[in-house]
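Below is one structure, written out as structure tokens, with a few remarks after it.
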Amino acid sequence: MLGGLSMERIALQKLTDWNSSKRKKPLIVWGARQVGKTYLVLELFAKTYYKNNYIYVDCKKEDEIREFCSKTANAEKIIEYISLRKGKQISEKTLLIFDEIQECPNIISSLKYFCQDFREIPVIATGSMVRIKLQRETHKRGSKENDKFLFPVGKINQITVYPMTFDEFLMNSNKILYNTIKKAYENKQPLDSQIHDLAMDQVYKYLLVGGMPEAVEAYIEDNSLLEAREILKVLYDNYLSDMELYQASQEAVLRSRVLFQNIYKELNKESKNFSPGFIEEKSKTRDFATSIQWLTLAHIVNQSFQLKEHITLPLMPDNETNFRLFLGDIGMFSYQSGINAASFISSERENTLSGIFFENFVANELIAKEHKLFYWRGRTSSELEFIIESDNRLYPIDVKKGRGTLNSLEKFSNHNKFEYAIKISKNNYGYNPEKKLLTLPFYFIPFAAKDLADGNMKI
């Protein structure tokens, strides 16, 4: 996938943890198209930890193996056949990789038997969950031949790979700055003002380039935002043409395309909430329900649900009709907005970039650390962009492009108890104990999102 550069990915840690676990089961690596699943599993993991002792099967290209595996879920037969085909004995020291398993869902069924009968053999499969689900739906509708396709519940481990987060972008483009930011976050200290400005410059560049590995690589190799932008255009068009693969009907394809293409416009209007009539006159939210389900399953779109005035734990949506949609990659979001690339690096960028760029950025950073997305709206126009539950405590998050006011937080505190509020903005780090307000600069959010996910948030 990638040219000369070797790219670091945080998800590699999850693979090494899986590999060293005594109780590991076959692993499925999910993720949207082009987010670097194959690169992660093959280049970063297999070639380092299994050197010459892995077997790679591309289910899209290797027709004979795909044909064979589509006719049996018997792990013993699959092992024997692949050993003979590849001329390599498969043992507990051999990593078996099945890439693009959505092309052969039967391999997923076979993972149950790999787990039961050959648990000592490490197996990793990569694929698109949405295509698998579509296969299952289609099979349920009547194809007798494939009724045997069963998802191996309880017999597999799973991880999801997302576009590169801001910390990964920085880790690969400027390791020294990455280390400086990480250390400042860990020590709970503000950065010197010049370094703070430098870090904010990187945030703006990331808003433009996004986290698709190919776009990031082009930016790093050629130091060219334009080159990255060209790649984004191609990836964006690929996503649109891919909708055919994700849908059961032609109507759903068209709706998914128009939904995907209008996410920026939906967020840029006053309420930011999804309103179907904005996309298609007289349509109802339920008309788009299937498309939203597919696009969220494919990790192309992230859904955030509204919470009532008084919040109870665990967090549950207020209702299913009030929600917002964010694009899974901030680079694609910026491309979709149509905004001039120069706006991201000019001194006038404060005025040209609307706050929703930062909201979509924060949404993706939270999703990449496995948070569910919720926002809060009060009776008046007060709102908080994200509400996070961590270690049974509430953390309201206010995302501010500029300095902003905190009226919403006061209104929120009339109805809800919370640990402390987090304001994410371009301001430097700081904590106000009277207001119970932690100010985090945008470049700290990947680290804070992880601490919140691990229940380790400290001031």
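Candidate membrane-span-like segments in the chain, meaning DSSP H helices with Cα atoms spread over at least 15 Å of their own axis and a Kyte-Doolittle mean of -0.5 or above, are 75-86, 106-117, 193-209, 225-246, 250-261, 356-368, with no membrane implied. Looking at the range 383-459, the trypsin sites (Lys or Arg not before Pro) that sit in a DSSP loop and have at most 13 other Cβ atoms within 10 Å of their own Cβ are Arg403, Lys417, Lys458. In straight-distance terms, cross-link reach from Lys86 covers every one of the aspartates and glutamates whose alpha-carbon lies under 16 Å from its own, apart from those fewer than eight places away in the same chain; here that gives Asp58, Glu62, Asp63, Glu64, Glu67, Glu76, Asp99. Full extension of the chain between Lys51 and Ala341 gives 100.2 nm of extra length, using 0.36 nm per residue less the Cα-Cα distance. Within the range 32-102, the GluC sites (Glu not before Pro) that combine a DSSP coil assignment with at most 11 other C-beta atoms in a 10 angstrom radius are Glu92.
Please compare each pair in Lys22/Lys183; Lys93/Lys155; Lys25/Lys182; Lys284/Lys423 to a cut-off of 30 Å on the Cα-Cα distance and tell me which ones are over it. Where the Cα-Cα span goes over 30 Å, the pairs concerned are Lys22/Lys183; Lys25/Lys182; Lys284/Lys423. A 1.4 Å probe run over the range 202-279, with the rest of the protein chains in place, finds 40 Å² accessible per residue. For the chain, the share of DSSP beta bridges that are antiparallel, to the nearest 5, is 35%. How large a share of the accessible area of the range 372-459, in percent, is made up of carbon and sulfur atoms when the probe is 1.4 Å and the other protein chains stay in place? Roughly 43 percent of what the probe reaches on the range 372-459 is carbon or sulfur. For the range 333-459, the per residue solvent-accessible surface stands at 42 Å², with DNA, RNA and ligands left out and a 1.4 Å probe. The dipole here belongs to the chain: it is taken about the Cα centre, uses +1 on the Cβ of Lys and Arg and -1 on the Cβ of Asp and Glu, and is about 1140 debye. Dipole magnitude for the range 353-459: computed about the Cα centre from +1 point charges on Lys and Arg Cβ and -1 point charges on Asp and Glu Cβ, it is near 320 debye. Residues whose amide H comes within less than 5 Å of that of Ile424, counting only those at least five positions distant or on another chain, are Asp398, Val399, Lys400, Leu440 (H built at 1.01 Å from N in the peptide plane). A simple spin-label model places the labels of Asp201 and Lys71 6.2 nm from each other, with each point 7 Å out along Cα-to-Cβ. Here the label points at Thr296 and Lys233, each 7 Å from Cα along the C-beta direction, are separated by 3.3 nm in the simple model.
FRET efficiency for Ile459 and Ser193, Cβ-Cβ distance as r, R0 = 22 Å, nearest 0.05? Efficiency at R0 = 22 Å is approximately 0.50. Qualifying trypsin sites (Lys or Arg not before Pro) in the range 275-334, where qualification requires a DSSP coil assignment and no more than 11 other C-beta atoms within 10 Å, comprise Lys282, Lys284.
Modelled spin labels at Thr16 and Arg33, positioned 7 Å past Cα toward Cβ, are 3.3 nm from each other. By the Kirkwood approach, averaging reciprocal distances over each pair of separate Cα atoms, the chain gets a hydrodynamic radius of 23.5 Å.
Remark: the range 1-119 carries a charge dipole of roughly 400 debye about the Cα centre, counting +1 on each Lys and Arg Cβ and -1 on each Asp and Glu Cβ. Put Leu325, Leu5 in order of accessible area, highest first, and with a 1.4 Å probe you get Leu5, Leu325. In this calculation the C-beta distance from Leu254 to Ser6 is compared with R0 = 60 Å, giving a FRET efficiency of 0.90.
Run the numbers for Glu370 and Asp391: contour at 0.36 nm per residue of separation, minus the present Cα-Cα distance, in nm.
6.1 nm
With contacts taken as Cα pairs under 8 Å and at least 6 residues apart, the chain reaches a relative contact order of 14 percent. Considering only Ala218, Ser241, Val203, and ranking their Cα positions along the charge dipole of the range 192-243 that arises from unit charges at the beta-carbon of Lys, Arg, Asp and Glu, the one farthest toward the positive end is Ser241. Normalised by the number of residues in the range 355-459, the average gap of Cα pairs under 8 Å and 6 or more apart makes the relative contact order 23 percent.
The values are calculated or read from the model by the stated rules, or taken from the named source; none is laboratory data. Quick caveat, the model's predicted, so the values are computed rather than measured. Using ideal geometry, Cβ is built from the backbone for each residue, glycine included, and neighbour counts are taken over all protein chains shown. Protein only, heavy atoms only, side chains kept; ligands, DNA and RNA dropped before computing areas. Shrake-Rupley method; radii C 1.70, N 1.55, O 1.52, S 1.80 Å.
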